[in-house]
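Scroll down for the structure; my scribbles are underneath it.
The values are calculated or read from the model by the stated rules, or taken from the named source; none is laboratory data. Fair warning: this is a prediction, and the values are worked out from it, not measured in the lab. When we count neighbours, we look across all protein chains shown, and the Cβ atoms used for this are built from the backbone with ideal geometry, even at glycine.
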Amino acid sequence: MSDHPFLDLAARAANLSERTRVVAALRAAGTTATPRVLPRLETGRIDRLAGRLSRRSGRSRDDIAAVLTAYRHHELGLDDANAATREVFAGVHASWLPTYQAALNGCPAAAARRGRPAAACAPFLAELGRRLEIARARHPGRFERRLAGDVERHLLDRFGPSLAQAVEADATFADTVAYHRFYLRFPVLGRWLAEVTALLAGFGGELIDRLAADREEIGREILGAKITSFRSLRLGLSGHRAGARSVAVVEAEQSCGGIGSFVYKPRCVRSEAATQELLARLRADGVLGFATRRVLARPSYGYEALVPAGHNRLNTREEADRVFAELGGHLAIFYVLGGGTRR
């Protein structure tokens, strides 16, 4: 399997849809696995799994059992399979297997590290760091190293509980072989670490390029001062969208010597920008003293001013009256524009 290393883990991590695709592709190519007599324990496991999957998928139990059995025969023959068969297995996992391969191949031999989630995740953290360093290098002096470290910490935070449950007290990660042996015991965990590493690297690189391209306008329109560099990120402040994208708070160094923070949103914010323009117009016309925030819209993403903490506390009756008047004004706008909810 030299042309597709670590394919044994990919074979174990495949879901029913992927196993069905592999079996169908190999059948269409006229490839048949060497027949083997599976142990009774394994055939029983396949039968029970087929029953559970049948209730969830609507496919017949016998059909699923046949697919799982054929797949298992092909899986057992991977060591001796020809290049075309290995290519079929690898192609199904093209979104994450190259990242898994790069992470483990790039893992340097190190002293044994025991039982810590960060140690178990180390190859993926290193691979994510390498890819983000490439993005930082495209914009010399504009992005501090800690910004890449923030993305790496986000990866670890997302998988920390799962890794903590998987790592045993005596788990040792000394080299590539040890890491792969560990993830063979938890193939879906290894798969998703690789998948999310690839997605976060893509999102991080995209964010770095966007911040670099929009730096001057962000400084002028959002912060009110020129940005000299970007310092840090806080990720995961929303649900994750396609490509592991999420809302982030970005901290930037300003030419005046201060530190400014703003919000990055990985989706269209033109509706927010239009709403702020409407509120500003109504305030200028004396309708209500609506509070507004700055929004910078881009075709598929945008930036917003960060509302400072503590603005949700009221100390006087007059402050409360003003807030409730604004809430009523927002509700009136909602009705006038024909707003509705879709939840």
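Only residues that are among the hydrophobic types (A, V, I, L, M, F, W, C) and either over 25 Å from THR99 (Cβ atoms) or outside any loop (DSSP other than H, G, I, E, B) (or both): list them for segment 238-257, please.
So the first thing to find is which residues in segment 238-257 are among the hydrophobic types (A, V, I, L, M, F, W, C), and the list is 242, 244, 247-250, 252, 256.
ALA242, ALA244, ALA248, VAL249, VAL250, ALA252, CYS256 - these are the residues of segment 238-257 that are among the hydrophobic types (A, V, I, L, M, F, W, C) and either over 25 Å from THR99 (Cβ atoms) or outside any loop (DSSP other than H, G, I, E, B) (or both).
Being of a type outside the set (D, E, K, R) and farther than 28 Å from ALA164 by Cα is the filter here; which residues of segment 183-222 pass it? Talk me through it step by step, then tell me what you get.
Of all residues in segment 183-222, those of a type outside the set (D, E, K, R) come to 183-184, 186-190, 192-194, 196-205, 207-208, 211-213, 218-219, 222.
Scanning segment 183-222 gives GLY205, LEU207, ILE208, LEU211, ALA212, ALA213, ILE218, GLY219, ILE222.
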Exercise for the section: Please tell me if GLY77 is under 13 Å from ALA11 (Cβ atoms) and either in the same structural domain as THR34 (by TED's automatic domain parsing) or at pLDDT below 95 (or both). Expected result: yes
Practice task
Name, by its number, the condition in (1) over 20 Å from ARG130 (Cα atoms); (2) modelled with pLDDT of 90 or more that does not hold for ARG191.
Solution key: (1)
Practice task
Identify all residues within segment 7-56 that are in contact (Cβ under 8 Å) with a residue 12 or more places away in the chain, among the small types (Gly, Ala, Ser) and surrounded by 13 or more Cβ atoms within 10 Å (Cβ to Cβ); write none if there are none.
Solution key: ALA10, ALA11, ALA13, ALA14, ALA25, ALA33, ALA50
Fill in the blank from the handout: Among residues of segment 116-155 being surrounded by fewer than 17 Cβ atoms within 10 Å (Cβ to Cβ) and modelled with pLDDT under 90, the residue farthest from PRO98 (Cα to Cα) is ARG116
Exercise for the section: Inspect all residues belonging to segment 236-255 and state whether any of them is exposed (fewer than 15 other Cβ atoms within 10 Å of the Cβ), touching a Lys or Arg at 6+ places or on another chain (Cβ under 6 Å), modelled with pLDDT under 95 and of a type in the set (Ser, Thr, Tyr). Expected result: yes
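Any residue at all in segment 282-293 that's surrounded by 11 or more Cβ atoms within 10 Å (Cβ to Cβ), modelled with pLDDT under 95 and in contact with a strand residue (DSSP E or B) (Cβ under 6 Å, 6 or more places away or on another chain)? Steps first, answer last, please.
Initial filter on segment 282-293 (surrounded by 11 or more Cβ atoms within 10 Å (Cβ to Cβ)): 282-283, 287-293.
Filter once more, so that each one left must be modelled with pLDDT under 95: 282-283, 287-293.
Within this subset, residues satisfying the condition of being in contact with a strand residue (DSSP E or B) (Cβ under 6 Å, 6 or more places away or on another chain) are 293.
Yes.
What are the residues in segment 180-190 that are in a helix (DSSP H, G or I) and either of a type in the set (Val, Ile, Thr) or surrounded by fewer than 23 Cβ atoms within 10 Å (Cβ to Cβ) (or both), if any?
At the first step, the residues of segment 180-190 found to be in a helix (DSSP H, G or I) are 180-185, 187-190.
HIS180, ARG181, PHE182, LEU184, ARG185, PRO187, VAL188, LEU189 - these are the residues of segment 180-190 that are in a helix (DSSP H, G or I) and either of a type in the set (Val, Ile, Thr) or surrounded by fewer than 23 Cβ atoms within 10 Å (Cβ to Cβ) (or both).
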Fill in the blank from the handout: ILE218: passes all of (1) assigned to a helix (DSSP H, G or I); (2) at pLDDT 90 or above; (3) surrounded by fewer than 17 Cβ atoms within 10 Å (Cβ to Cβ) but (3)
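Would you call ARG86 touching a residue at least 40 places away in the same chain (Cβ under 8 Å) and not assigned by TED's automatic domain parsing to the domain that holds ALA198? Can you show your working first?
On the way: touching a residue at least 40 places away in the same chain (Cβ under 8 Å): yes; not assigned by TED's automatic domain parsing to the domain that holds ALA198: yes.
Considered against the rule, which asks whether it is touching a residue at least 40 places away in the same chain (Cβ under 8 Å) and not assigned by TED's automatic domain parsing to the domain that holds ALA198, ARG86 comes out as yes.
Mind checking which residues of segment 196-214 are within 13 Å of SER95 (Cβ to Cβ) and surrounded by fewer than 19 Cβ atoms within 10 Å (Cβ to Cβ)? If you could, list the steps in order and put the result at the bottom.
Step one: of segment 196-214, the residues within 13 Å of SER95 (Cβ to Cβ) are 196-199, 201-202.
GLY202, the sole residue that qualifies.
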Practice task
State all residues of segment 326-342 that are at pLDDT 90 or above and over 27 Å from PHE262 (Cα atoms); if no residue qualifies, say none.
Solution key: GLY328, ALA332
Problem - Test: residue in segment 264-286 that is under 26 Å from LEU207 (Cα atoms), basic (Lys, Arg), touching a residue at least 24 places away in the same chain (Cβ under 8 Å) and part of a helix (DSSP H, G or I) - result: yes
